[in-house]
Amino acid sequence: MQPGQSVQLPEGAKARRVYLSLRDQISDGRLPDGENLPGEQRLAASFGVSRVTVRRALDALSDAGLIEKRAGSGTKVRAQNMAGKAAAMDFNTLMPQLVEMGHSTTARLLSFSYSQAPDFVAQAMGLAAGEKVQIATRVRITDDIPFSHLTTYVPAEIAQSYSEDDLATTPLFKLLERSGVQIEEAHQSVSATLAGPDVAEALDVAVGSALLSLKRVVRDVDGNGVEYLSGLYRPDMFRLEMPLSRVGQGSARHWEPAIGQMDEASG
């Protein structure tokens, strides 16, 4: 897929199922680069769909640059077009890596305003009823491809120390620290969601595409909420990696996330 090109799913639920299945097999290496795909008839039988449905799915994969159709030589996988796009994140060091991402990617500011904090933000940050916050929405871009859609909420008293232009050019963590905020801790959760029309347009994906959803509350040394982040990430551009340890004895041995084994230099 070329930078800036929209990811368009094929029409029809069955064609989308075939498309997503083949796309997943290409992305995880089950269909390696250069391998010939089975013919349309075999694929149709494998998925229990018509050849027309398979053709729609293959056309979408071709448009995305993931396969190459050649008359007389079949359809070849072009997995290298997916390589190098995903940013790998170690789950243990996710926070510092996301901060570093702010230095290595560019941002486009979509909106900037001051308003009363929404109830869910006020509750999560422990803000007083009716307290105003700065609300900013940005899209982060890497290699000319939209990577994430970020909406941040910062108490107005803190946010007034930097401008709209500052936010468009400087990572928020730096602006908070410049404002005198001493960040102590954060809590975040990761789940899945679907792209609505506005987010889909901003991230250059199809409406209804699956996205990773990250919610984060940042607190200062006094326990006050200083930032609420709602981040949406393209899953083809974002990958979490987690070290696992084999623990327990005998039949009780099991895999356990090695959370907390951060190198001191990365904290």
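The values are calculated or read from the model by the stated rules, or taken from the named source; none is laboratory data. Note that this is a predicted model, so its numbers are computed, not measured. Quick reminder, even Gly has a Cβ in these numbers, built from the backbone with ideal geometry, and neighbours come from all protein chains shown.
Among the residues examined, L58 qualifies as outside the structural domain of R234 (by TED's automatic domain parsing) and at pLDDT 90 or above. Taking the criterion of being surrounded by 14 or more Cβ atoms within 10 Å (Cβ to Cβ) and either of a type in the set (D, E, K, R) or in contact with a Ser or Thr (Cβ under 6 Å, 6 or more places away or on another chain) (or both), the residues of the range 173-193 that qualify are K174, S179. Apart from one condition, R178 fits all of (1) closer than 21 Å to V121 by Cα; (2) more than 16 Å from the chain's Cα centre (by Cα); the exception is (1).
Checking A159, A168 one by one, the residue that is surrounded by fewer than 18 Cβ atoms within 10 Å (Cβ to Cβ), farther than 30 Å from A13 by Cα and touching a residue at least 40 places away in the same chain (Cβ under 8 Å) is A168 and no other. Note on the range 191-223: residues that are touching a strand residue (DSSP E or B) at 6+ places or on another chain (Cβ under 6 Å), part of a loop (DSSP other than H, G, I, E, B) and within 16 Å of F147 (Cβ to Cβ) amount to 2. For the range 224-241, does any single residue satisfy the condition of being touching a residue at least 60 places away in the same chain (Cβ under 8 Å), in a loop (DSSP other than H, G, I, E, B) and under 21 Å from A122 (Cβ atoms)? For the range 224-241, residues touching a residue at least 60 places away in the same chain (Cβ under 8 Å), in a loop (DSSP other than H, G, I, E, B) and under 21 Å from A122 (Cβ atoms): present.
Taking (1) out of contact with any Lys or Arg (no Cβ under 9 Å at 6 or more places or on another chain); (2) in a loop (DSSP other than H, G, I, E, B) in turn, D33 satisfies each apart from (1). Answer yes if at least one residue in the range 30-45 is within 25 Å of R234 (Cα to Cα), modelled with pLDDT of 90 or more and outside the structural domain of V205 (by TED's automatic domain parsing), and no otherwise. No, the range 30-45 has no match at all.
Name the residues in the range 198-239 that are exposed (fewer than 12 other Cβ atoms within 10 Å of the Cβ) and at pLDDT below 85, would you? Within the range 198-239, no residue meets the criteria.
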